[in-house]
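A.B. asks: This is the structure I want to talk about, given as structure tokens.
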């Protein structure tokens, strides 16, 4: 019966999509959806424009059934909870979250330059001047996250976007950790991240400091930016991990001595002696033409209460989380994932919250 009910919901939404396309294109709340920017295992990312301001956004559309089937509910909760507290020019912004019976819509900052990975793969390494500028922004963004108690844990070229002004934006916080994820020893213990970028202490299964392991990943990114290839690579994971444990990355002769020294200090396999974020900012090579990026303190995007959009509420039962400040973020997200319908006028919370 549940499956039949879910299929009926999907058919209703598909019919609405077809009708909307015949007008101005599909709309979700105050956003008009456009082309698909990307597609993953449990949803799509679409270009969108705010119908009042014409401002561009990227909307991540998550299928609730896929989230539950893949057992990544906690990952989605973590990403939403994390992004709501981060406001920095070098971190992708989450402006609001909307939901229907079958989907969750994350309204994100639109970054039009694509992934740093694609830039390096297509055009090769950057000059030290170009690479240093991007690395300075990366360190500013990551150290800001650490100051907010957020550890990314999956920093890699694919998760670093570039905007039209050639500024970087850190994205994808699905594997991030918060202070409540620390164990009694004050360390994180979940082994996660991408093999080529993961720090040796994460692989050791004895606990690790999230800030220190993120620093290692930033070092791998710097290495690739300046050389065009990975410092540690092998098709055999066991061999790759041995290389990471040794930390003996080949340093090209063409790099300046300052760049070589910084890379060696970051890719130190001993987390106790590895350079810290604060020390990186004091490094002579790093400080060249360095202007620290200040966090954004502006308010979230102002939007009308979605309950005023009768058509959207009637058809999609969309809600705006920003209007529900009286509830904890964890409770709201749980309700969204469990298909509990919430509105600012008629609040319904299930016992699962």
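A.B. asks: So, by mean Cβ neighbours within 10 angstrom, what's the order for 238-247, 146-155 with the highest one leading?
C.D. replies: Working: 238-247: 15.4, 146-155: 21.7.
The most tightly packed comes first, giving 146-155, 238-247.
A.B. asks: Considering Cα pairs under 8 angstrom that are at least six residues apart, work out the relative contact order of the range 48-170 and quote it in whole percent.
C.D. replies: On the way: 153 pairs, mean separation 34.7, N = 123.
Averaging sequence separation for qualifying contacts and normalising by length gives 28 percent for the range 48-170.
A.B. asks: Calculate the FRET efficiency for residue 71 and residue 238 from the Cβ-Cβ distance with a Förster distance of 22 Å, rounded to the nearest 0.05. Working shown, then result.
C.D. replies: Details: r = 27 Å, r/R0 = 1.24.
FRET efficiency, residue 71 to residue 238: 0.20.
A.B. asks: Taking 8 Å as the Cα distance limit and 6 or more residues as the minimum spacing, I'd like the relative contact order of the range 116-287 as a percentage. Write out the running numbers ahead of the final one.
C.D. replies: Numbers: 230 pairs, mean separation 37.2, N = 172.
Computed over the range 116-287, the figure is 22 percent.
A.B. asks: On a full-extension model of 0.36 nm per residue, what is the gain between residue 129 and residue 53, subtracting their alpha-carbon distance, rounded to one decimal in nm?
C.D. replies: On the way: separation 76, 0.36 × 76 = 27.36 nm, distance 3.67 nm.
The span from residue 129 to residue 53 would gain 23.7 nm if fully extended.
A.B. asks: Something else: Using per-residue counts of other Cβ atoms within 10 Å, averaged over each peptide, order 251-260, 215-224, 59-68, 171-180 from highest down.
C.D. replies: Numbers: 251-260: 13.6, 215-224: 25.2, 59-68: 19.3, 171-180: 17.6.
Output ranking for 251-260, 215-224, 59-68, 171-180: 215-224, 59-68, 171-180, 251-260.
A.B. asks: While we're looking at this one, here's another question. Taking 0.36 nm per intervening residue step and subtracting the Cα-Cα distance, what contour gain separates residue 178 from residue 287 on full extension?
C.D. replies: Details: separation 109, 0.36 × 109 = 39.24 nm, distance 2.93 nm.
The residue 178-residue 287 span can extend by a further 36.3 nm.
A.B. asks: What is the spin-label model distance, in nm, from residue 158 to residue 187 if the labels are put 7 Å beyond Cα along the C-beta direction?
C.D. replies: Between residue 158 and residue 187, the label points sit 2.8 nm apart.
A.B. asks: Once you keep just the Cα pairs under 8 angstrom separated by 6 or more residues, what percentage relative contact order results for the range 152-237? Please report the intermediate quantities before stating the final value.
C.D. replies: Values: 105 pairs, mean separation 24.9, N = 86.
29 percent.
Every read-out reported here was derived from the displayed coordinates using simple, explicitly stated rules and does not represent laboratory data. From a predicted model like this one, the values you see are computed outputs, not experimental measurements. For neighbour counting, all protein chains shown are included, and Cβ atoms are generated from backbone atoms with ideal geometry for every residue, glycine included.
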